[in-house]
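Readers should treat all values here as calculations from the given coordinates under stated rules, not as data from a laboratory. What you see is a predicted model, and the numbers here were worked out from it, not measured in a lab. Cβ sites come from the backbone with ideal geometry, for glycine too, and all protein chains shown count toward neighbours.
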Amino acid sequence: MNLAPIAIFACRRPQHLKFLLKSLGANPEVSNSSAQIFIGGPKNAADWDLVLQTLEIARECSIFGELKVHEVFNETTGSGLIRHGVNHVLSASDRVIALEDDLLVRADFLSFMNGALEEFKDERAVYQVSGWNYGLMEKGASQKTYFFPVPTPWGWGTWKRAWTDLPNTKEEFEWLTQRSKRIHDFNFGENYDCLGMIEAVLKSNYDAWDAVWYLHCFRNSKLTVYPNSSLTINNGFDGSGLNFTNSFTWNNSFLEQPQNSFDFSQPIEISSHKIVFNGLREDWIRISESSNSLTLELHKIKRKILQHKRYYKHGFYF
């Protein structure tokens, strides 16, 4: 199998990186894989000691067939660091697997990622492979895979052909806001303010590379391939991250055992299990925002009112 190079992104969380590397070490493919660890700079000078501790853990890592460690201290945002690292890896490869330091991976993570990256390398409709899923899609279907029109940032892979298809965020935002139905679908049925993230990116360069990537995939009807249940656990929900400063628990153990192989024979179209997927995602939104159903409904109403005020023009509701 053609093993994709692995790009790992870290900054000021040495223990998180240590646990990620330990979990990767349980993947049989790791000893034949090449990896590059990109260490970003801190936003706050008080975190320099943590950055240097993280750098030391990266340099001491010996699980990969080949490892390079990059000090990218001029990049102090997740978006900047990830773009830098993915661009660097794809300058010499046609594919990449990307991991942030707050993740843990299952022992079959690399098997799934490499298998999907090889299987769909020439499929123009597929732009991403996701190791993450919000929950269990089907009982007794551990090897099954699915296509959904939503990319994820928590353990993912892509190809040069997709990543270098650069988004025009301003044009895509203008297209999005021409129709209320587009915004509704982009916002996961108005359950999450993805539109607000794009507004913040355009207005103040908000640190949300994944929202920009999602808009690009949404605008161009691109798909992401998912496993039956998550092959990654996000430990960044412990309050240590930049985007989720609140602490909450979500799937802190794997729901299925590692698999020897995966079934990639599904039709390349949005899966019929989209309703299950959307329900699991809504549960995650409710827990991550510490909101009950009434609060979420009030947020929906408020967003719809703001959208009407900002973007209404002839044809908006058609």
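For a test of the definition: using alpha carbon positions, the gyration tensor, and the 1.5 limit on a/c, classify the chain as rounded, prolate or oblate. The shape class here is prolate.
With the charge dipole of the chain set up from +1 on Lys and Arg Cβ and -1 on Asp and Glu Cβ about the Cα centre, the Cα lying farthest toward the positive end among the listed residues L110, Y206, I39 is that of Y206. Placing pseudo-labels 7 Å out from each Cα toward the beta carbon at L202 and A92 gives an inter-label distance of 3.8 nm. The amide H of I268, built 1.01 Å from its N in the peptide plane, has no neighbour under 5 Å, considering only residues 5 or more places off or on other chains. Length gained on full extension, K170 to F318, computed as 0.36 nm times the residue gap minus the Cα-Cα distance: 51.1 nm.
For the range 34-182, what D do you get in µm² per second when you plug the Kirkwood radius from alpha-carbon pairs into Stokes-Einstein at 37 °C and 0.692 mPa s?
Approximately 186 µm²/s, per Stokes-Einstein.
Among 126-135, 27-36, sorting by the average number of other beta carbon atoms lying within 10 angstrom of each residue, highest first, gives 126-135, 27-36.
Sorted on the mean count of surrounding Cβ atoms within 10 Å across their residues, most packed first, peptides 309-316, 186-193 read 186-193, 309-316. Between the beta carbons of W48 and R161, assuming R0 = 41 Å, the FRET efficiency works out to 0.60 to the nearest 0.05.
Is the C-alpha gyration tensor of the range 178-239 telling us rounded, prolate or oblate? Criteria: a/c under 1.5 is rounded; beyond that, a/b larger than b/c is prolate, otherwise oblate.
oblate
The stretch between D283 and E269, if pulled fully straight at 0.36 nm per residue, gains 2.6 nm over its current Cα-Cα span. Per residue, the chain reaches -12000 deg cm²/dmol at 222 nm when only DSSP H runs of four or more residues are counted, each adding -39500 (n - 2.57).
Highest mobility in the GNM of the chain, judged by mean-square fluctuation with C-alpha springs under 10 Å and restricted to A92, A162, A208, is found for A92. FRET efficiency for the pair A141 and F73, taken as 1/(1 + (r/R0)^6) with r the Cβ-Cβ distance and R0 = 51 Å, rounds to 0.70. Please give, to one decimal in nm, the separation of the simple spin-label points placed at R310 and N32, each 7 Å out from Cα toward the Cβ. With each label placed 7 Å out from Cα toward Cβ, I get 4.9 nm.
For the pair R59 and S253, what calculated FRET efficiency results from E = 1/(1 + (r/R0)^6), where r is the Cβ-Cβ distance and R0 = 25 Å, to the nearest 0.05? Please list the in-between numbers first.
Numbers: r = 30 Å, r/R0 = 1.22.
Here the calculated transfer efficiency is 0.25.
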